[in-house]
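Enquirer: This is the structure I have questions about; it appears just below.
Please treat every number below as a calculation from the coordinates, not as lab data. Computed from a prediction, not measured in an experiment: that's the story for all the values here. Positions of Cβ are generated from backbone atoms using ideal geometry, with glycine treated the same way; all protein chains shown enter the neighbour counts.
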Ligand SMILES: Cc1cc2nc3c(=O)[nH]c(=O)nc-3n(C[C@H](O)[C@H](O)[C@H](O)COP(=O)(O)OP(=O)(O)OC[C@H]3O[C@@H](n4cnc5c(N)ncnc54)[C@H](O)[C@@H]3O)c2cc1C
């Protein structure tokens, strides 16, 4: 077993680390305060290959592994988790579903501009009335001649207000008892004109991830061509589960990035801040906080990299991805809270990054399946095994 990253991955790590330090760190607090989607910053990710990391080069992507995706994600999230979350919407969710289910023509038309970062993408599964129980969705799609007609709404969709291409999940049942779900490619705008019946609303007042765009999407008789069905009719939810396996590994890596930021900032402060005539890092109470943070972060990264490694070998990773996401997101949340403790009153202010780390980390215990849902996934695997 080799715990070292390959030479190629180390170079990629250094490139993304330099980018995060030079381009993301300086404006991260300001972007959080502004609560706006950082279009300019996001445009810089395309040329680096970070908007289509897992997409093969022939379709405009970087053609890299899941492990490479995790390496980049950790570095970006180290300084700006909102930017990392926008990347997740593009890489794991929108492009993730397209790569699982699209045909050749769809790949050429929709995957290429997204993977190059020329267009932004989103993925609409969650609805106002269905989150954890996503299969209970109410958005419908029905065939009318050569077009699908979509009706319904989607909630909390990352990049939803800025996306030109959105993968939308909708029920395509025709009277059956079950709720068969299919995926569709919906263009929010076409030739500069907004798609009729497709509207979005910005959700601005969020605890964290404030420089990530979040939308409620409403669809009223939205007509899309018949060939915008993504994958087989009724196969949508099976594909969703595959998308989420990779997505959860990405969220795990994002969480490790936030947690590492919390640790690095805490260590720096503990060496500088003096109380009772010595640096607070010399108090055992502070040392133990730092030691626990470091141990949990290493554990989280190992789980994330294991899941990525297995995924790259073509293995099924539902349980491993759930474990990585669960442990890493809870580690990030704890690290954020503890970093504020180490920085004391200063940590409670936005003069420092750590209060933002905590606010951003909370989302990771909710999005792409809450911690409760991850525990359900893991225990289902356990009980099936024994
Ligand atoms: C900033 C942000 C970005 C997001 N981005 C996207 C996106 O791009 N695309 C998308 O489709 N969705 C997105 N989501 C939605 C996210 O995936 C959902 O919020 C999440 O799945 C939880 O659904 P819910 O909010 O409806 O909570 P609910 O499902 O209503 O859950 C409420 C509580 O009940 C618990 N609970 C529910 N069912 C069970 C159960 N069976 N057993 C035990 N506990 C249970 C949950 O764990 C939670 O604590 C985003 C959300 C946010 C906040």
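Enquirer: What is the angle, in °, between the Cα long axis of helix 66-79 and the longest principal axis of the Cα atoms in the chain? Nearest 10 is fine, range 0 to 90.
Expert: 60
Enquirer: What ranking of 167, 267 emerges when the number of other C-beta atoms within 10 Å of each C-beta is taken as an exposure proxy, fewest first?
Expert: 267, 167
Enquirer: Once you keep just the Cα pairs under 8 angstrom separated by 6 or more residues, what percentage relative contact order results for the stretch 246-340?
Expert: Working: 103 pairs, mean separation 45.4, N = 95.
Averaging sequence separation for qualifying contacts and normalising by length gives 48 percent for the stretch 246-340.
Enquirer: Quick one: grab the alpha carbon gyration tensor of the stretch 151-272, order the square roots of its eigenvalues as a ≥ b ≥ c, and give me rounded if a/c is under 1.5, else prolate or oblate depending on whether a/b is larger than b/c.
Expert: prolate
Enquirer: Separate question: Highest GNM mean-square fluctuation, the chain, Cα pairs closer than 10 Å: which of 309, 50, 327?
Expert: The residue with the greatest mean-square fluctuation here is 309.
Enquirer: Would you list 288, 123, 79 from fewest to most Cβ contacts within 10 Å?
Expert: So the residues, fewest neighbours to most, are 288, 79, 123.
Enquirer: Sticking with this structure for a sec: Just how far, in whole angstrom, is the stretch 281-307 from the stretch 172-216 if you go by their alpha carbon centroids?
Expert: Using only Cα atoms, the two centres lie 38 Å from each other.
Enquirer: If we count other beta carbons within 10 Å of each Cβ, what is the order of 228, 97, fewest first? Write out the running numbers ahead of the final one.
Expert: Values: 228 20, 97 27.
Ranking 228, 97 by Cβ neighbours within 10 Å, fewest first, gives 228, 97.
Enquirer: Okay, moving on. On a 0 to 90 degree scale, rounded to 10, what angle separates helix 318-347 from the longest Cα axis of the chain?
Expert: 40
Enquirer: Sticking with the crude label model, points 7 Å out along Cα→Cβ, report the distance from residue 199 to residue 220 in nm, one decimal please.
Expert: 0.6
Enquirer: Simple spin-label model, 7 Å along Cα-to-Cβ: residue 190 to residue 264 in nm?
Expert: Computed distance between label sites residue 190 and residue 264 equals 4.5 nm.
Enquirer: When the chain is modelled as a GNM with alpha-carbon springs shorter than 10 Å, which of 113, 47, 279 fluctuates the most?
Expert: In the Gaussian network model the winner is 279.
Enquirer: A further question follows. What area, in nm² and to one decimal, does the C-alpha convex hull of the chain cast on average over all directions?
Expert: 20.3
Enquirer: Okay, helix-only estimate at 222 nm for the chain: each DSSP H run of n ≥ 4 adds -39500 (n - 2.57), divide by all residues, round to 500 deg cm²/dmol; what do you get?
Expert: Values: 12 runs with 185 residues, N = 386.
The helix contribution divided over the chain gives -16000 deg cm²/dmol.
Enquirer: If you don't mind, another one. Considering the zone a paramagnetic label at residue 272 would reach in this model (a point 7 Å from Cα along the Cα-to-Cβ line), which residues of the stretch 301-340 have amide N under 16 Å from it?
Expert: 339-340
Enquirer: Let me ask something else. Given a Förster distance of 22 angstrom, what is the FRET efficiency for residue 315 paired with residue 5, based on the Cβ-Cβ distance and rounded to 0.05? The partial results should precede the final answer.
Expert: Numbers: r = 20 Å, r/R0 = 0.91.
Step by step, r from the Cβ atoms, then E = 0.65.
Enquirer: For helix 7-19, what angle does its Cα long axis make with the longest principal axis of the chain, in degrees from 0 to 90 and rounded to 10?
Expert: Relative to the chain, helix 7-19 is tipped by roughly 80 degrees.
Enquirer: Using a Gaussian network model of the chain whose springs link C-alpha atoms within less than 10 Å, name the residue from 59, 348, 37 with the highest mean-square fluctuation.
Expert: In this elastic network of the chain, the residue with the biggest mean-square fluctuation among 59, 348, 37 is 348.
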